[in-house]
Amino acid sequence: MADLTLERLRELLHYDPETGIFTRLIGVRGAAAGRQAGALDSYGYLRMSIDSKRYKNHRVAWFYVHGKWPAMMLDHINQVKTDNRIANLREVTASENVQNTSLMANNTSGYRGVTWSKKKQRWKAQIAVNQKRIVLGHFDTAEGAFMAYAKAANAIHTHNPNAAVVP
């Protein structure tokens, strides 16, 4: 990333911070000037090529606006990986980044932080803090377990605006 200068970036691309879209100023192989830069990668992020190197669009947006590469991870505040508006991006630690994720596809309770305990035959509420799991208790209902999780998340997870929102 250090090879790409801000001057070179702005020579090749225009970034609209209101839309998060990069537009090519100069045509390159298969991409004409005036076309949007970037294509979806296998993880759902937009990536583009600049001088034969691949970059994630959200990291390039940060560099374009702030004049320096992000020192940490970048989080899409609204959880939309293709929404690269600068107002939707923030630098976070790895721990903060995982706070702002949606439910996993294999979640069976329908609630964040809630799993079924076969051993106790009750719903278990748990939360992660600095990569450590903390069990918040066992409950008769998934809703009760989620309420315990939501209370803890609202106090601990500073980077999840939807901690207490039922999915």
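The values are calculated or read from the model by the stated rules, or taken from the named source; none is laboratory data. The structure displayed is predicted, hence computed values, not measured ones. Using ideal geometry, Cβ is built from the backbone for each residue, glycine included, and neighbour counts are taken over all protein chains shown. What goes into the accessible areas is simple: the full protein's heavy atoms, side chains included, and nothing from ligands, DNA or RNA. Shrake-Rupley method; radii C 1.70, N 1.55, O 1.52, S 1.80 Å.
Give the Cα extents of the chain along the principal axes, in whole Å, largest first.
In descending order, the Cα extents are 62, 27, 25 Å.
Find which of Ala105, Ala39, Gln121 sits farthest along the positive direction of the dipole of region 16-137, computed with +1 on the beta-carbon of Lys and Arg, -1 on that of Asp and Glu, about the Cα centre.
With unit charges placed on the Cβ atoms, the residue in question is Gln121.
Provide the gained length on full extension for the span Lys53 to Asp83, in nm with one decimal, where the gain is 0.36 nm per separating residue minus the Cα-Cα distance.
Values: separation 30, 0.36 × 30 = 10.80 nm, distance 2.17 nm.
My answer for the length gained is 8.6 nm.
Return the distance in nm (one decimal) between the two label points of a simple spin-label model at Leu6 and Arg29, each offset 7 Å from Cα along Cα→Cβ.
It works out to 3.0 nm between the two label points.
Among Val28, Val80, Val98, determine the one that fluctuates most according to a GNM of the chain built with springs between C-alpha atoms less than 10 Å apart.
Among Val28, Val80, Val98, the largest GNM mean-square fluctuation belongs to Val28.
Under 14 Å Cα to Cα from Lys119, which aspartates and glutamates show up? Leave out anything in the same chain fewer than 8 places away.
Straight-distance partners of Lys119: Asp140.
Once the Cα atoms of helix 142-156 and of the chain are each reduced to a long axis, what angle between those two axes, in degrees from 0 to 90 to the nearest 10, is obtained?
For helix 142-156, the angle is close to 50 degrees.
Over the chain, what is the relative contact order in whole percent, taking alpha-carbon pairs under 8 Å and six or more residues apart? Let's see the in-between values first.
Values: 270 pairs, mean separation 22.3, N = 167.
Relative contact order here is 13 percent.
What nm distance separates the two modelled labels at Val98 and Ser42, each placed 7 Å from Cα along Cα→Cβ?
With each label placed 7 Å out from Cα toward Cβ, I get 2.2 nm.
Of Lys81/Lys132; Lys120/Lys151; Lys56/Lys151; Lys68/Lys151, which ones are farther than 28 Å apart at the Cα?
Lys56/Lys151; Lys68/Lys151
Straight-line reach from Lys53: which aspartates and glutamates fall under 20 Å, measuring Cα to Cα and dropping same-chain residues less than 8 apart?
Answer for Lys53, where 20 Å is the Cα cut-off: Asp3, Glu7, Glu11, Asp41, listed by chain and number.
So, with a 1.4 angstrom probe, what is the percent of accessible area on region 24-167 that is carbon and sulfur?
54
Sorted from largest down, what three extents in whole angstroms do the Cα atoms of region 5-100 have along their principal axes?
That gives 39, 27, 24 Å along the principal axes, largest extent first.
Whole number in Å², please: accessible area per residue of the chain, 1.4 Å probe, ligands, DNA and RNA not counted.
60
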